[in-house]
1. Can you give me the long-range amide H partners of Val121? Hydrogens built in the peptide plane at 1.01 Å from N, cutoff under 5 Å, separation of 5 or more residues or another chain.
2. In percent, how large is the relative contact order of the range 193-271, given Cα pairs closer than 8 Å and 6 or more residues apart?
3. Counting pairwise Cα distances across the chain, what percent come out greater than 24 angstrom?
4. Just to check I understand the Karplus step: with θ = phi - 60° and J = 6.51 cos²θ - 1.76 cosθ + 1.60, what whole-Hz values come out for the range 181-198, glycine and proline as x?
5. Relative contact order for the chain: what is it in percent, counting Cα pairs under 8 Å that are at least 6 residues apart?
6. Starting at 0 and stepping by 5 Å, how many percent of the alpha carbon pairs of the range 215-275 end up in each bin?
7. Let me spell out the model: positive unit charges on the Cβ of Lys and Arg, negative unit charges on the Cβ of Asp and Glu, origin at the Cα centre of the range 180-228. What dipole size does that give, in debye rounded to 20?
8. Can you work out the Karplus-derived ³J(HN,Hα) for every residue in the range 52-65? Use 6.51 cos²θ - 1.76 cosθ + 1.60 with θ = phi - 60°, whole Hz, and x for glycine or proline.
Amino acid sequence: MLRAPPVNTVGIVTADLFDAAAMYDDDYLYFFASPESAGAPTHGPVVGTAYATTSVTTDIVWRLLDLQPGMSVLDLACGHGALANALAVRGCEVTGLDSSAVFLDRARADAAAMDVAVEYVPGDMRRLPAWTGRFDRLVNWTTAFGYFDDPTNRRVLAEMARVLRPGGRMAMDLDNLPRFLASYTPSRITATRDDGDMLVDRHHFDPLTGRFEVERTVFRDGRTRRLTFLKRLFGFPELRDWCTAAGFTTVAAYGEDGEPLNIHHDRMIVIADLP
Ligand SMILES: C[S@@+](CC[C@H](N)C(=O)[O-])C[C@H]1O[C@@H](n2cnc3c(N)ncnc32)[C@H](O)[C@@H]1O
């Protein structure tokens, strides 16, 4: 059901498992990141957003990453820059990298409106620029990891380790597998707007690959559009071992409240340190 376009938005030839440009576009921002969508209901399970506001997210990132003003932070797959801009407001030197030009345009516009300086870079998390040892901290938020085959997903972790300085720390925010699977449904209305626009998702979880595959139908302004995407789901022990193999030493997991991970948390925040 998932197609394999040969070229992604930054022009790198890949064996992509889905078309990220079709997924992370203006429709996504319309449903998930516009002022009008803020109060839009998300129906049914398959775990929605666990963080009430960007400020709540920023607080937990600040604490778990032990951030200080002046630290250099890479927001990897930064999306439309909500977290990157908020970290810059608190005094970090932030770089945001993402493959979506639409999202980066929005991130830059919001940074300008907030009067903060963030370096926004178009790029591919599989091959980061020549940033070896550059960052004190790295953040990868809202299930922005696990879009590729497993060797490539592991290469992304190695890239994260490469761009952090010795003693650096990274934070990844992912679905909490036990809770996610307990909430599994074959389909759901994922987002609605007052005018009747909506996103409807059909789900498939493949236990052989650990991939959660989604066929999404976008209903907007009388148009109907279909797209597919997937994400790899991880139990903590597997991801901990991948992080260790990528060079991280201490690897821990927390829930969205910052407490040690348990089965009731919606989110799994993995914190990993380099030696
Ligand atoms: C679920 S969104 C999360 C965005 C952001 N971290 C947030 O919390 O809102 C996933 C992001 O990954 C980006 N992305 C997908 N494939 C990518 C790639 N190969 N390299 C860099 N970014 C990618 C998308 O454009 C999108 O912004």
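Any read-out appearing in this document is the output of simple, stated calculations on the displayed coordinates, not a laboratory observation. Given the structure is predicted, the values throughout are model-derived calculations rather than measurements. Glycine also receives a Cβ, built like all others from the backbone with ideal geometry; neighbour counts cover every protein chain displayed.
1. Here the answer is Gly96, Leu97, Asp98, since their amide H atoms fall under 5 Å of that of Val121.
2. Details: 106 pairs, mean separation 13.8, N = 79.
Rounded, it is 17 percent for the range 193-271.
3. Numbers: 18271 of 37675 pairs.
Counting every Cα pair in the chain, those more than 24 Å apart make up 48 percent.
4. Residue by residue, the range 181-198 yields 6, 5, 9, 4, 9, x, 7, 6, 7, 8, 8, 9, 10, 4, 7, x, 4, 7 Hz.
5. Details: 578 pairs, mean separation 53.0, N = 275.
Relative CO of the chain lands at 19 percent.
6. 4, 15, 18, 14, 12, 10, 9, 9, 6, 2, 0
7. On the way: 9 positive and 8 negative charges, 24 e Å.
Once rounded to the nearest 20, the dipole reads 120 debye.
8. These are the phi-based 3J(HN,Hα) values: 5, 9, 4, 5, 5, 4, 4, 4, 6, 5, 4, 6, 6, 8 Hz.
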